Amino acid sequence: MLKKTLHRQKKKLANSKNQLKLLSSRVFENEKLPTFKTSLQKTQNFPLKPSKLEILQINLGYMCNQICAHCHVDAGPDRKEIMTKDTLKTCLNLCKKIDVKTLDLTGGAPELNPNFKWFVEEANKIGFKDLIVRSNLTIITSNKKFEYLPEFFKSNNVHIISSLPHWTKNKTDNQRGEGVFNNSIKALKKLNNIGYGKANTNLQLDLVYNPSGAFLPGEQISLEKKFKKELKENFEIVFNNLLTITNLPVSRFLDYLIASENYDDYMETLVNAYNPKTINKLMCKNTISVSWDGYLYDCDFNQMLNLKLNSPVTHIRDLENETQINRNIRVSQHCYGCTAGSGSSCQGSII
Amino acid sequence: MSKTYYNSEDLKKFGDITNWNKKLGEKFFDYYKEVFKEGSLTAREKSLIALAVSHVLKCPYCIDAYTKDGLEKGITKEEMMEAVHAGSAIESGATLVHGIQMMNKYNKLSM
């Protein structure tokens, strides 16, 4: 089980340049496997262009109380990158100017940003159709000072999206750390108790399933059925939707693939599962990802690979309207993770 | 590269069977796809049956394929091992039940 972030261990793959180099080497050398750009070209989808902006995803910081084995952020307690109040204000000002349906807050654990509470209250006043907090659940039970969260989420109409890779303790703890399963169950019960995930309320609680290893997620509908049955029967827990998300070869998951000698096979699986029908619904087409320091990216994965927006405007302070971010979306081989099979996005499978 | 009768890379080429007999190859793969769809049994249950049969047939390709398929479907290692034991028990039982034939023959020939 992972105890330290790649950054803390000063690992080679903590550096995004080394990750990008790796993603263009090995099986992608000498055209053994086609690059993502080649696959897009073959299906007349290159260059990838954005559609209408619908989701603003803000990364409030890389600090997290957990160190999950597959984390593409390399988040952990030692990460000090946190969005400042000034940048948060800039985000709010932008949201008042442009029309986005969804504000999606992520991290790290977004709740660890010292201005989290203020920011969510301000965001709620703007009145998004969907205000998402990607909460890791254990933050709720980690410390007395976070016990306010369930009621706070409820009073601010927050849509909670939380990871739970399996309905069994071992599989969950192997991916997310010792004790995470039991604490997640406790947190889910608290959320259920105030109405989250229940059919007769508007308090939405979705769970995220990431495979705990070098394989793709199964069919979202079947997994959701099984998750619902097991969590209900064993713990009396209910939730709304299960979102299956493919692990992309970025940061810690990339490090795991290399260390376990699964990289070449995994990439081949992703490439063989390339499905052009997913292209029009890829999240990079309707989302902008904002990093803790205010830079703009096509998605959270491009943020971690430091592939900034390919447009004249690359920082949120310079963004005034949507036309400034018409661009060619930046791609590399990690993008195969979003186009494999039924496709993958922060909102789960896409077709 | 060491030469062995089984090569895991060959599993990826399974579809090539169709190259030498398109009609029968396609009929097989259509049938195969249809069999593993959700029906009266769930796709998950069928995956566990396939895993058990893979062991009984001692097919290394099938074992790799249905271990991975099971992981994708969220099947736990406990469930997988129980399926393998179910297959193993039937295989042992099939051997052992022939003991009756041995007993019958023994009794018939003996005074």
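The values are calculated or read from the model by the stated rules, or taken from the named source; none is laboratory data. On a predicted model such as this, the values are computed, not experimentally measured, just so you know. Here the Cβ positions follow ideal geometry from the backbone for every residue, glycine too, while neighbour counts run over all protein chains shown.
Numerical summary
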item	result
Hits in the stretch B:42-76 (condition: among the charged types (D, E, K, R) and over 27 Å from A:N210 (Cβ atoms))	B:K58
Options A:L270, A:L296, A:L307: the member that is surrounded by 23 or more Cβ atoms within 10 Å (Cβ to Cβ) and over 25 Å from A:L242 (Cα atoms)	A:L296
Whichever residue in the stretch A:157-173 is closer than 23 Å to A:P110 by Cβ and assigned to a loop (DSSP other than H, G, I, E, B) and, among such residues, is nearest to the other protein chains (Cβ to nearest Cβ)	A:P165
Scope the stretch A:232-242; condition surrounded by 20 or more Cβ atoms within 10 Å (Cβ to Cβ) and within 14 Å of another protein chain (Cβ to nearest Cβ); matching residues	A:L242
Single residue of the stretch B:3-59 satisfying the filter (acidic (D, E), surrounded by 10 or more Cβ atoms within 10 Å (Cβ to Cβ) and out of contact with any helix residue (DSSP H, G or I) (no Cβ under 8 Å at 6 or more places or on another chain)) that is farthest from the other protein chains (Cβ to nearest Cβ)	B:D30
Top-ranked residue in the stretch A:72-83 [being buried (at least 21 other Cβ atoms within 10 Å of the Cβ) and more than 28 Å from A:K129 (Cα to Cα); ranked as farthest from the chain's Cα centre (by Cα)]	A:R79
Hits in the stretch A:1-54 - residues which are in contact (Cβ under 8 Å) with a residue 40 or more places away in the chain, of a type in the set (S, T, N, Q), within 28 Å of A:K281 (Cα to Cα) and not in a helix (DSSP H, G or I)	A:S24, A:T35, A:T43, A:N45, A:S51
Residue, farthest from A:T168 (Cα to Cα), within the stretch A:187-200, restricted to residues that are in a helix (DSSP H, G or I) and of a type outside the set (D, E, K, R)	A:N193
Residue list for the stretch B:1-35, filter: of a type in the set (A, V, I, L, M) and within 17 Å of the chain's Cα centre (by Cα)	B:L11, B:V35
Subset of the stretch A:278-299 [in a helix (DSSP H, G or I) and touching a helix residue (DSSP H, G or I) at 6+ places or on another chain (Cβ under 9 Å)]	A:T278, A:I279, A:M283, A:C284, A:K285
So A:V73, is it part of a loop (DSSP other than H, G, I, E, B) and either under 22 Å from A:R330 (Cα atoms) or in contact with an Asp or Glu (Cβ under 7 Å, 6 or more places away or on another chain) (or both)	yes
Test for A:D265: is it in contact (Cβ under 8 Å) with a residue 24 or more places away in the chain, within 14 Å of chain B (Cβ to nearest Cβ), surrounded by fewer than 18 Cβ atoms within 10 Å (Cβ to Cβ) and acidic (D, E)	yes
Selection count where residues are under 29 Å from A:H166 (Cα atoms), under 14 Å from the mean Cα position of the chain (by Cα) and either charged (D, E, K, R) or surrounded by fewer than 11 Cβ atoms within 10 Å (Cβ to Cβ) (or both), scope the stretch B:74-111	0
Residue among A:S222, A:S184, A:S212 that is hydroxyl-bearing (S, T, Y), outside any loop (DSSP other than H, G, I, E, B) and at pLDDT below 95	A:S222
Residue in the stretch A:331-343 that is over 20 Å from the mean Cα position of the chain (by Cα) and in contact (Cβ under 8 Å) with a residue 24 or more places away in the chain present	no
Among (1) more than 14 Å from every other protein chain (Cβ to nearest Cβ); (2) under 21 Å from the mean Cα position of the chain (by Cα); (3) without any contact (Cβ under 8 Å) to a residue 12 or more places away in the chain - the single one A:E147 does not satisfy	(2)
Close pairs from the stretch A:197-216: first away from chain B (no Cβ under 14 Å), partner surrounded by fewer than 20 Cβ atoms within 10 Å (Cβ to Cβ) and among the basic types (K, R), Cβ under 7 Å, at least 6 apart	A:L203/A:K154
Filter result (part of a loop (DSSP other than H, G, I, E, B) and within 15 Å of the chain's Cα centre (by Cα)) within the stretch A:55-65	A:L60, A:Y62, A:C64
